[in-house]
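To start, the structure itself, in structure tokens.
The values are calculated or read from the model by the stated rules, or taken from the named source; none is laboratory data. A quick note: this is a predicted structure, and the numbers were derived from the prediction, not measured. With ideal geometry, Cβ positions are generated from the backbone for all residues, glycine too; neighbour counts draw on all protein chains shown. The area values use the complete protein model at the heavy-atom level, side chains included, leaving out ligands, DNA and RNA. Shrake-Rupley method; radii C 1.70, N 1.55, O 1.52, S 1.80 Å.
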Amino acid sequence: MSLLAQSIAPRPAPAQPARAWSATRIAGHVLMTMWIIAGACLVYYLASNIFSPFVQKYWGKYLDGFVVTLQIVFVSLGLGAALSVPIALARASKVALFRWPAYGYVYFFRGTPLLAQTFLIYYGAGSFRAELTDVGLWWFFRDAWYCIIFAFTLNTSAYQAEILRGAVENVSKGQWEGGRALGLTKPVIFFKIILPQALMVALRPYGNEIILMIKGSAIASIVTIYDLMGETRRAFSRSYDFQAYIWAAVFYLIAVEALRRVWDRLEARLTRHLKR
């Protein structure tokens, strides 16, 4: 081989030096081992109790509560998504009359706990029973189901509005200029060009919001809704068996993991044209 060929021939990468067993690395391995052992013990415990009298008695109740949880979450998310569009538009508006009320709405519902918001609507409405009866709305606020849907919708719409606003602002200004050059009106540009691109950017934050809503839906059990957590509390109050809460955690984990996998596939499908 000539000297020129030897000089341009690729050289193998140098070997990585052996990592020392520092205190941090040892602690990390110990903690990971403990997590693995704990997970194995949990799986063994659940497998050994899957045919226990507790599971046989309350299995159907858990399924009913799980369905109620999904209904609360997805109805609230759907209504919140519809409400988030005008809120996001108002937040991005240059007109102060629209911008500041939308800012106050988002600031309040993102800055206060969902539990407090639920109590304000469910218990606070009773203080205005006479006024609500006069305007024909007491039938709505006296029902815990409607109050939960209302509270969750207002809360998630504020978060979704901020997600949507950030995604819209992330779209290049050239998209607006291109639409105007074609003679399109602003509504057409927004709904046909800007919004579809913004939704792709917002896919991951939207998935996180759905997961947070699934876990936050446990608040509904506090106001007499027998969702998954409500059925869990009732099962524990009758049996005093701690596995009631373990099975509830398993149901929530299944829901979150299934949603995560579906959302990953949806995101990969909708953004496949962006991959090279």
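Listed values, structure above:
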quantity: Any hit, the range 63-83, residues being closer than 15 Å to TRP247 by Cα, among the charged types (D, E, K, R) and either more than 18 Å from the chain's Cα centre (by Cα) or at pLDDT 90 or above (or both); calculated: yes
quantity: From the options LEU253, LEU259, residue that is under 17 Å from the mean Cα position of the chain (by Cα) and surrounded by 14 or more Cβ atoms within 10 Å (Cβ to Cβ); calculated: LEU259
quantity: Pair list, Cβ < 9 Å and 6+ apart or interchain, from the range 91-107 residues that are in a loop (DSSP other than H, G, I, E, B) to residues that are of a type outside the set (D, E, K, R); calculated: SER93/ALA102
quantity: Every residue from the range 61-82 that is farther than 14 Å from ALA218 by Cβ and aliphatic (A, V, I, L, M); calculated: LEU63, VAL67, VAL75, LEU77, LEU79, ALA81, ALA82
quantity: Those residues of the range 108-150 which are among the aliphatic types (A, V, I, L, M) and touching a residue at least 40 places away in the same chain (Cβ under 8 Å), in sequence order; calculated: LEU114, LEU115, ALA144, ILE148, ILE149
quantity: Selection from the range 218-250 of residues that are in contact with a Ser or Thr (Cβ under 7 Å, 6 or more places away or on another chain), open to solvent by 40 Å² or more (accessible area, probe 1.4 Å) and closer than 13 Å to PHE54 by Cβ; calculated: TYR245
quantity: Count - residues of the range 43-69 that are in a loop (DSSP other than H, G, I, E, B) and open to solvent by 100 Å² or more (accessible area, probe 1.4 Å); calculated: 1
quantity: Exclusive hit being under 30 Å from ARG234 (Cα atoms), open to solvent by less than 90 Å² (accessible area, probe 1.4 Å) and either modelled with pLDDT of 85 or more or assigned to a helix (DSSP H, G or I) (or both), set ALA40, ALA27, ALA5; calculated: ALA40
quantity: Unique match (being of a type in the set (Val, Ile, Thr) and either under 17 Å from the mean Cα position of the chain (by Cα) or closer than 24 Å to ALA81 by Cβ (or both)) among ILE222, ILE210; calculated: ILE210
